[in-house]
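No lab work stands behind these numbers, since they all come straight from the coordinates. Fair warning: this is a prediction, and the values are worked out from it, not measured in the lab. As a convention, Cβ positions derive from the backbone with ideal geometry for all residues, glycine included, and neighbour counts pool all protein chains shown.
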Ligand code: NIG
Ligand code: FE
């Protein structure tokens, strides 16, 4: 049967800049999907649909749309004052223990209307799209009551409906202890497990469940109760683990088959082995490491040695990572964590999709998949990682439509 295209991009380049570099690549789109991709010289005969358009990419590099797999980008207020305090010497932990940090964003998020949260978050998402992102994960966790967590997750869903990006929502009710539960963390966990999570899942607002397992947040035992509640609902789990200390969250998460554990600066070899056995992805967040002036690097060499896939993300949030640049985050993964260029690119494409349990949908360019891709004005993929403060993104195409730039 002859192929029928709605659009055809010719004169693309693809590959990793090494031996697998390909010039003269063509990509045909039909019904929002990639209908054909390969060397232009091998392009088969095709029919043109009524709306057919042909684009000459003039040698632009094509990559899959970037997958931003860890953000907290729906929130009220700002924490610029906290930034000032940290510059003057206060630590993230001190601020959190003194009732600032996450809890101050909780107060601002509870106060904000749904429209206000949407209006503040939409430009953040647009910035990500402008750097090639076509799928983004958004966590709740600044509500810490059913009503506000639901509000955040509805805003996240609305971002996915009104902006040209696929949104995956993650329920992070166990992000911090809300002030009204001070001294009663187990009671709060009970509410998360038996009240909030089932109610939000029933409304279709939860794609995955996350926990901040840390000395300043929730213990391993408390985390386990949440994993059990998620399992009862058949929801996949993730965890903020070993960010500021090692308390054993990663091994628990691996036992529950977590899609990913995230941060991991303090992870040790036994954690990495457990992740390998469970197929858990290591999501590293170099901009949070940078913003917190952390000095302990995640064990990248161990992840490599044990074959644990590494993803990276901005961790966009108002406290530890007010960052909206995937490209700069890739640079940080290389400069601060010792990633290679190829690892940084994989980390934002296939491995990020794996961390969301969506590697069958995102992260590679293949016939039959959604036509989600980015075109870049670069001479080699290293330039994606090399430039700081300048985005060479020429265009972003989602479901076959140009949603940013032009080509
Ligand atoms: O991923 N680690 C916990 N949560 C966020 C920080 C959120 C905040 O400070 O508001 C993180 O770094
Ligand atoms: Fe985070």
Reported set for segment 260-274 where residues are more than 13 Å from ligand 1 (Cβ to nearest atom) and outside any helix (DSSP H, G or I) is 267, 268
Flagged in segment 70-113 as touching a helix residue (DSSP H, G or I) at 6+ places or on another chain (Cβ under 9 Å), farther than 20 Å from residue 178 by Cα and in a loop (DSSP other than H, G, I, E, B), in numbering order, are 70, 71, 90
Could you tell me whether residue 122 is in contact (Cβ under 8 Å) with a residue 24 or more places away in the chain, surrounded by fewer than 18 Cβ atoms within 10 Å (Cβ to Cβ), away from ligand 1 (no atom under 16 Å from the Cβ) and not in a helix (DSSP H, G or I)? no
Log entry, pairs with first residue in segment 90-115 being on the phi > 0 side of the Ramachandran plot, second being within 12 Å of ligand 1 (Cβ to nearest atom) and part of a loop (DSSP other than H, G, I, E, B), beta carbons closer than 6 Å, six or more apart or on different chains, reads 101/319
- Query: Just a yes or no: is a residue in segment 327-336 away from ligand 1 (no atom under 15 Å from the Cβ) and assigned to a loop (DSSP other than H, G, I, E, B)?
  - Reply: no
Residue 208 vs (1) crowded, with 22+ Cβ neighbours inside 10 Å; (2) in contact with a helix residue (DSSP H, G or I) (Cβ under 7 Å, 6 or more places away or on another chain): all pass except (2)
Given (1) under 17 Å from residue 384 (Cβ atoms); (2) more than 19 Å from the chain's Cα centre (by Cα); (3) touching a residue at least 12 places away in the same chain (Cβ under 8 Å), residue 340 misses just (3)
Listed by first then second residue, the pairs whose first member lies in segment 312-330 and is under 11 Å from residue 83 (Cβ atoms) and touching a residue at least 12 places away in the same chain (Cβ under 8 Å), whose partner is part of a loop (DSSP other than H, G, I, E, B) and more than 9 Å from ligand 1 (Cβ to nearest atom), with beta carbons under 9 Å and at least 6 positions apart or on separate chains, are 318/76; 318/77; 318/78; 319/100; 322/78; 322/316
When (1) in a helix (DSSP H, G or I); (2) touching a strand residue (DSSP E or B) at 6+ places or on another chain (Cβ under 7 Å); (3) surrounded by 23 or more Cβ atoms within 10 Å (Cβ to Cβ) are applied to residue 157, the one that fails is (3)
By residue number, the members of segment 170-188 that are out of contact with any strand residue (DSSP E or B) (no Cβ under 9 Å at 6 or more places or on another chain), in a loop (DSSP other than H, G, I, E, B) and within 16 Å of ligand 1 (Cβ to nearest atom) are 178
The lone condition residue 68 fails out of (1) closer than 21 Å to residue 326 by Cβ; (2) in contact with a strand residue (DSSP E or B) (Cβ under 7 Å, 6 or more places away or on another chain); (3) surrounded by fewer than 20 Cβ atoms within 10 Å (Cβ to Cβ) is (3)
